[in-house]
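Some notes on the structure that comes next.
The values are calculated or read from the model by the stated rules, or taken from the named source; none is laboratory data. Everything numeric here is computed off the predicted structure, so don't read it as measured data. Cβ placement follows ideal geometry from the backbone for every residue including glycine, while neighbour counts extend to all protein chains displayed.
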Amino acid sequence: MGLFRYCRLALRSLQILIEQFSAFCRLSWLCMLVSLLGVAVAERHLIAGGVTELLARGVFVVVWLRLVGLGEVPSSRHYFRLGRRETFGALSWMMAEIFINFPAQVVSASLAIGTGIPIADSVMMLSGLANLLLGGIYLIPADAALVRGGVSDEVGWRVPDLMIRGGMALGMAVFVCWLPFNLLQEGVRLLPEMDLAEGFSLREAVMVPVRFLGLALTSGTLALAWNRLMAEEDGRQ
C-alpha cells in the first residue's frame, strides 16, 4: 500500500477541481489566452512561442498550488502575475516538465532510429514511465509556490528530503494524474485537421484547456502531498 499512499490525494485533487471549477475558469482564462498566443506564434518563432506557452502554464500552476495547498483564492477576475514567487515557480515547473519529458523523447527517437519503431508508438508508454519514475521532481515548484516566507532560511531546503521520503509513491500519484488527461489529449489528436489561423489548428486550440485541466489535477495533488510531507516533517522535529 505504500506505493499507492498518495493516489487518494489525486482523487481529492479531482474533487477540489470539480468543487472549485468556477475558480478554475476565472484563474485560468487569461493564462490560457497567453498559452494560445504562445502556441500560435511558435510556428514562426519556436523558442519565444514555446517559452511563452510554458510560462503561462507555470503561472497558472502557482496560483492553483496555493489555492489547494493554502486555501488562497485571488479575488480578481483574471490572474497573470509575474512576481518573484510566480516567476520562480513557473520556471521550476517548466524545468520539471522538461526534465521528465525529455528522456522519453530521446529514448523514443533512439528506438525509432535503432529499431524502426515509430516515435508515436513508443513515446506515450515511455512518457508514462518517466512520470512514474521522476514525478517527484514536481515537489520543487510546489515548494517554491507554497513555502512561507522565512521558513526555508530557518530550516534549510527540505525538498530533497521530502522527495526521498515520498519516494515512488509521489511518482505513482503523478502517473495517476497524467494518465487520464494524456488519453484525453490522444482523443483531441483525432479531431479533424482544421486551420483556425495560419499555423494554428483546431487541435491545438482544444488541447490548451485540456492541458490546463491536467495541470490543475497534477498541481493540486502535489500541493496536498507537499502539505502532508511537511506535516510529517514538522511532527518529527
Give just the number: which of (1) crowded, with 18+ Cβ neighbours inside 10 Å; (2) part of a helix (DSSP H, G or I) does Phe102 not satisfy?
(1)
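Taking the residues in region 1-42 that are aromatic (Phe, Trp, Tyr) and either in contact with a Cys (Cβ under 9 Å, 6 or more places away or on another chain) or closer than 20 Å to Asn227 by Cα (or both) as candidates, determine which candidate is modelled with the highest pLDDT. I'd like the intermediate steps shown before the answer.
Taking region 1-42 as the starting set, the residues that turn out to be aromatic (Phe, Trp, Tyr) are 4, 6, 21, 24, 29.
Okay, now just the ones that are also either in contact with a Cys (Cβ under 9 Å, 6 or more places away or on another chain) or closer than 20 Å to Asn227 by Cα (or both), so 4, 6.
Numbers: Phe4: 90, Tyr6: 93.
For region 1-42, the residue satisfying everything is Tyr6.
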Filter region 7-30 for residues that are over 17 Å from the mean Cα position of the chain (by Cα) and within 15 Å of Phe181 (Cβ to Cβ) and give the result.
Ile18
Options Gly171, Gly199, Gly167: the member that is of a type outside the set (Lys, Arg), touching an Asp or Glu at 6+ places or on another chain (Cβ under 6 Å) and either at pLDDT 90 or above or at positive phi (or both):
Gly199
Among the candidates Arg44, Arg8, Arg66, residue that is of a type outside the set (A, V, I, L, M), in contact (Cβ under 8 Å) with a residue 60 or more places away in the chain and part of a helix (DSSP H, G or I):
Arg66
Right, Val206: among the β-branched types (Val, Ile, Thr), assigned to a helix (DSSP H, G or I) and modelled with pLDDT of 90 or more or not?
no
So is Ala48 surrounded by fewer than 17 Cβ atoms within 10 Å (Cβ to Cβ) and small (Gly, Ala, Ser) or not?
yes
How many residues, within region 214-230, are buried (at least 24 other Cβ atoms within 10 Å of the Cβ) and either of a type in the set (S, T, N, Q) or more than 15 Å from the chain's Cα centre (by Cα) (or both)?
3
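So, in region 68-92, of the ones that are hydroxyl-bearing (Ser, Thr, Tyr) and surrounded by 13 or more Cβ atoms within 10 Å (Cβ to Cβ), which residue ends up farthest from the chain's Cα centre (by Cα)?
As a first pass, look at region 68-92 and keep what is hydroxyl-bearing (Ser, Thr, Tyr): 75-76, 79, 87, 92.
Pick out the ones that are also surrounded by 13 or more Cβ atoms within 10 Å (Cβ to Cβ) and you get 79, 87, 92.
Numbers: Tyr79: 17, Thr87: 15, Ser92: 10 Å.
Step by step, filter region 68-92, then rank; the result is Tyr79.
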Sole exception among (1) surrounded by 18 or more Cβ atoms within 10 Å (Cβ to Cβ); (2) charged (D, E, K, R); (3) assigned to a loop (DSSP other than H, G, I, E, B) for Glu53, by number:
(3)
Just to be sure before I move on: is Phe88 at pLDDT below 90 and of a type in the set (Phe, Trp, Tyr) in the structure I sent?
yes
Might you check whether a residue that is over 21 Å from Ala205 (Cβ atoms) and buried (at least 16 other Cβ atoms within 10 Å of the Cβ) occurs anywhere in region 26-38?
no
The residue from Phe60, Phe80 that alone is in contact with a helix residue (DSSP H, G or I) (Cβ under 8 Å, 6 or more places away or on another chain) and outside any helix (DSSP H, G or I) is Phe80
